[in-house]
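The values are calculated or read from the model by the stated rules, or taken from the named source; none is laboratory data. Computed from a predicted model, the values in this text were never measured in an experiment. Positions of Cβ are generated from backbone atoms using ideal geometry, with glycine treated the same way; all protein chains shown enter the neighbour counts. Only protein heavy atoms, including side chains, enter the accessible area calculation; ligands, DNA and RNA are left aside. Shrake-Rupley method; radii C 1.70, N 1.55, O 1.52, S 1.80 Å.
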Amino acid sequence: LFERLFVMLPEFVKLIDHFVHLFLHVHHRIAHRCTSSSSVNDTPLVTTRWLYRETNQHNGQQIHHQMSADCGHGFGSESGSAHGPATVSGQTSLTTRRDHSRRQRFPLRHHNNTGFSQTAFTNGQTMIPSSTATAFVSATKQHFEANSRVRDISAHTSKVHSVDWNCDGRRLASGSFDKTVSLFALQSQSSDRLSKEHTFKGHSDSVDQLCWHPKQPDLLATASLDRTVRLWDARTTKSVATVQTKGENINICWSPNGHTIAVGNKEDLVTLIDTRTHKTMGEHSFKFEVNEISWNNDNDLFFLTSGQGHVHVLSYPELQPQLVLNAHPATCICIEFDPNGRYFAVGSADAMVSLWDANHLVCLRTISRLEWPARTISFSFDGQLLASASEDLMIDVCYVETGERVTEIATEAPTFTVAFHPKRHLLAYACDDKDSYQRDTGTVKVYGFPNNS
């Protein structure tokens, strides 16, 4: 009897975990509704944490369970509760497949929440913002009040899917449904002039995502629905390599050391490519919906966001499952690590962005000012700011340490890609803008230039 109870214990832990998350989700909505009519203030949340750990050896496989619940009681409109993570090693069950790209997997739908930000907590105690944090927020708000000009750049003939700055900040790239990649040059680090430099052609289908080499400012990688990954050299303005893959590619990332590219396709197959030989190193198929992929900054862990609200953590280079973070009650769409390696953020279809400790894999707080699925996120070069965007007609930019908003960028259409400059507080983004005939404008925008320029 005791042996059977011991074997069943992990299932009881999972059941309790689900009840905890259900309670916190309901509590979160009730808390927002109760405070939506109150005056706005920055009072931090009072939070508690329940943590349970177990290590169980069963059938030769070690199972780790960690459950964490954070119950917050805030005051005023800037309040709510953050649901903490539950981490379990192993695989998740097979989800319903959808035969279209990642950007179309989440239909437009309103989540009917008030969208206020969560403030910081630590170890069950109220975290009062320090004078340094208050000064930083005040200075940043003043900076964006004086530097809120947006420059529009005609980039493509169709919708822009992805934008990204190179590592030295001198070039901005954009990929589009029109099958092309556009390059723009920023004249100098202090300049506010962007000029179109070149248009790369070669893909035979939509360019869904792109990324620059983390250390070499002239190398760019693009993922396309044409089942290829292309490497481009900005100096020679041509493709230097084309790698065939087995599916329609929808996401791509470069390893921090620059030696490997990971690309994911619609069939949830992740392919690793050696950037020195331009050969495929391996392919890994997953039995769950993979939405976005990323290495951690130390290059020893590999992260995948899933359609079940999980973040899967794998060892690298072995790609063996280590943990499954129950990050959100809805689909996890995007993931981003901050440049300093302290945090990573996850955007979800529940309209929230969660901020995590990258070393301890613990949820720190959530940002919930969006009312539609959080589709794209980006950290600033100093790791102090986090931009998030969705179908909401604005881009939210907050201070990472408290979740407080420092600026809001108004848009006229849904935003599906954002990217902070690697050295300045400039934010590149692209919206689903239409002209008077309801045709895609293919415009790339950059926010943060001086108002008097």
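Inspect the stretch 371-378 for any residue being without any contact (Cβ under 8 Å) to a residue 24 or more places away in the chain, open to solvent by less than 20 Å² (accessible area, probe 1.4 Å) and not hydroxyl-bearing (S, T, Y) and give the result as yes or no. Within the stretch 371-378, none of the residues are without any contact (Cβ under 8 Å) to a residue 24 or more places away in the chain, open to solvent by less than 20 Å² (accessible area, probe 1.4 Å) and not hydroxyl-bearing (S, T, Y). Residue-level check: of (1) surrounded by 23 or more Cβ atoms within 10 Å (Cβ to Cβ); (2) closer than 23 Å to G175 by Cβ, P414 misses just (1). Do we have any residue at all in the stretch 342-356 that's over 14 Å from the mean Cα position of the chain (by Cα) and either assigned to a strand (DSSP E or B) or within 24 Å of Y429 (Cα to Cα) (or both)? Checking the stretch 342-356: not a single residue is over 14 Å from the mean Cα position of the chain (by Cα) and either assigned to a strand (DSSP E or B) or within 24 Å of Y429 (Cα to Cα) (or both). Could you tell me whether E391 is open to solvent by less than 20 Å² (accessible area, probe 1.4 Å), farther than 21 Å from F449 by Cβ, among the acidic types (D, E) and assigned to a loop (DSSP other than H, G, I, E, B)? Here the answer is yes, as E391 does meet what is asked. Just one residue in the set L427, L386, L361 is closer than 21 Å to C253 by Cβ, out of contact with any Cys (no Cβ under 7 Å at 6 or more places or on another chain) and crowded, with 22+ Cβ neighbours inside 10 Å; that residue is L427.
Among the residues making up the stretch 295-312, those that are under 15 Å from the mean Cα position of the chain (by Cα) and either open to solvent by less than 10 Å² (accessible area, probe 1.4 Å) or free of Cβ contacts under 8 Å to residues at least 60 places away in the same chain (or both) are W295, F302, F303, L304, T305, S306, G309, V311, H312. For the stretch 313-329, filtering for residues that are surrounded by fewer than 23 Cβ atoms within 10 Å (Cβ to Cβ) and part of a loop (DSSP other than H, G, I, E, B) leaves 6. Scanning the stretch 267-294 for residues that are assigned to a strand (DSSP E or B), surrounded by fewer than 18 Cβ atoms within 10 Å (Cβ to Cβ) and not charged (D, E, K, R) returns L269, T280, M281, G282, H284, S285. Within the stretch 154-189, the set of residues being surrounded by fewer than 18 Cβ atoms within 10 Å (Cβ to Cβ), outside any strand (DSSP E or B) and of a type in the set (S, T, N, Q) comprises T157, S158, Q187, S188, Q189.
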